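Single-structure report; data block below.
The values are calculated or read from the model by the stated rules, or taken from the named source; none is laboratory data. Fair warning: this is a prediction, and the values are worked out from it, not measured in the lab. Here the Cβ positions follow ideal geometry from the backbone for every residue, glycine too, while neighbour counts run over all protein chains shown.
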Amino acid sequence: MRFASKVIRAAAILGLGASLGLAQAADDLKIGLVLSLSGPFADYGKQIKHGIDVYMAQHGDTVAGRKVQLVVKDDTGMAPAVAKRAAQELLVNDKVDILAGFDLTPNAFSVAPLATQAKVPMIVMNAATSSITEKSPYVVRVSMTLPQGAWAMAKWAAENGIKSAYTLVADYGPGHDAEAQFKKTFTELGGKVVGEVRTPVNAADYAPYLERVKDAKPDAMFTFVPPGSSMVALMKGFRELGLEKAGIRAIGPGDLTDENELAAMGNSALGLITAFHYSQAHDSPENKAYVAAYLKAFPKDRPNFMSVGGYDGMHLIYQVLEKTGGNAGGDAFLAAAKGMKWTSPRGPVQIDPETRDVIQNEYIRKLERVNDTLQNVEFATLEAVKDPGKAAQ
């Protein structure tokens, strides 16, 4: 009887353990989003969240048997201390399984050490300074790096009659990355950089800087400033001060012609040549389906590269969880994410197994008016571009 009693008790314990295991497997998958939802960069967070919403509307709110729960925190813009505090609250109070979002580089920098300490995956959906993935082994980026677009732009410029350039960039990480990569690639290919200037991140008046560019008489001005009001002010100043009439071409990474800002820019940026990984006008079945779903859900906005960063970030999370059977632990997640490939609205993408950065096509585009709508029209493709900022190391 004693033996039978032990067997029954052991079976009960095993059964309880199994039921606890099932309960644990069925726990909600909590994703903590750190996004700029107020302040001057509020459109960044809105677009990323829109892309996330479109993905979940298409693919449901359950993956690998776990219901997906989004916990959103507003970092208020370029505010590293606020972003770090928000991430700490998500990890300690909300006990999220995954950190995601991060539209701005300084905020991503501040949170990366927390991802390392907690061994929690951190999915960067926009912030584009090359070194972000080097700040924690748990960071995976699905968006871009500034050196990718700058490298492609420099290569196209040097091969298409642009022999001299002046660089004008915002004075923070992405601007520094863009400037350094463009100068490196352009000069290696025989081009000459005749001047350079760094501007405040939130500059409202670019006239003094543009006058310097005009006086130097380069073939082109390579520029990067944050999308939004700064970009609008820069391009309007470029036209109003007569740089185009002086024969100076404006070129840069595709952030300059963010779809959501084109209406504010009007015709001031027509003809601008950029290099980028995404355009609303990208001609593929995947992008046409994405654009249609986005515009149906958010008819007052246009899908841009940040929205695709959110969309692809969720795709990565879902595919990894399917691969791991629902295990979102940092080490298991990263092992499954490295080398993962899929076809995005932007084209073919892959997570570089060595750097955890995205490998993707870079498209050379010209801003044109198509059916009375400003569009970035792609006319050349550089395939499977890795982050040259790391490739050179």
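Please return the ranges of helices (runs of 4 or more DSSP H) entirely within region 278-393 where 2 or more residues are in contact with an Asp or Glu (Cβ under 9 Å, 6 or more places away or on another chain), in contact (Cβ under 8 Å) with a residue 24 or more places away in the chain and crowded, with 23+ Cβ neighbours inside 10 Å.
Values: elements: 285-297, 305-324, 330-337, 388-391.
Because the criterion is at least 2 residues that are in contact with an Asp or Glu (Cβ under 9 Å, 6 or more places away or on another chain), in contact (Cβ under 8 Å) with a residue 24 or more places away in the chain and crowded, with 23+ Cβ neighbours inside 10 Å, the helices (runs of 4 or more DSSP H) in region 278-393 that meet it are 305-324.
Among the numbered criteria (1) at positive phi; (2) in a helix (DSSP H, G or I), which one does Gly39 miss?
So Gly39 meets the others, but not (2).
Glu89 is checked against (1) surrounded by 17 or more Cβ atoms within 10 Å (Cβ to Cβ); (2) of a type in the set (Asp, Glu); (3) not in a loop (DSSP other than H, G, I, E, B) and fails just one. What number does that condition carry?
(1)
Mind checking which pairs have a first residue in region 102-115 that is in a helix (DSSP H, G or I) and a second that is modelled with pLDDT of 95 or more and acidic (Asp, Glu), Cβ under 7 Å, 6 or more apart or different chains?
So the pair list comes out as Asn107/Asp75.
Considering region 273-305 alone, what residues qualify as being in contact with a strand residue (DSSP E or B) (Cβ under 9 Å, 6 or more places away or on another chain) and among the hydroxyl-bearing types (Ser, Thr, Tyr)?
Within region 273-305, Thr274, Tyr278, Ser279, Ser284, Tyr290 qualify.
For Ala246, state whether it is modelled with pLDDT of 95 or more, part of a loop (DSSP other than H, G, I, E, B) and among the hydrophobic types (A, V, I, L, M, F, W, C).
Working: modelled with pLDDT of 95 or more: yes; part of a loop (DSSP other than H, G, I, E, B): yes; among the hydrophobic types (A, V, I, L, M, F, W, C): yes.
Taking the combined requirement at face value, the residue satisfies it.
Matching residues to (1) more than 22 Å from Gly339 (Cα to Cα); (2) touching a Pro at 6+ places or on another chain (Cβ under 8 Å); (3) surrounded by fewer than 22 Cβ atoms within 10 Å (Cβ to Cβ); (4) not assigned by TED's automatic domain parsing to the domain that holds Leu37:
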site	(1), (2), (3), (4)
Gly60	yes, no, yes, no
Val72	yes, no, yes, no
Thr105	yes, yes, no, no
Val124	no, no, no, no
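If you check Pro388 against the conditions, is it touching a helix residue (DSSP H, G or I) at 6+ places or on another chain (Cβ under 6 Å), over 11 Å from His277 (Cα atoms) and not small (Gly, Ala, Ser)? Talk me through it step by step, then tell me what you get.
Details: touching a helix residue (DSSP H, G or I) at 6+ places or on another chain (Cβ under 6 Å): yes; over 11 Å from His277 (Cα atoms): yes; not small (Gly, Ala, Ser): yes.
It is true that Pro388 is touching a helix residue (DSSP H, G or I) at 6+ places or on another chain (Cβ under 6 Å), over 11 Å from His277 (Cα atoms) and not small (Gly, Ala, Ser).
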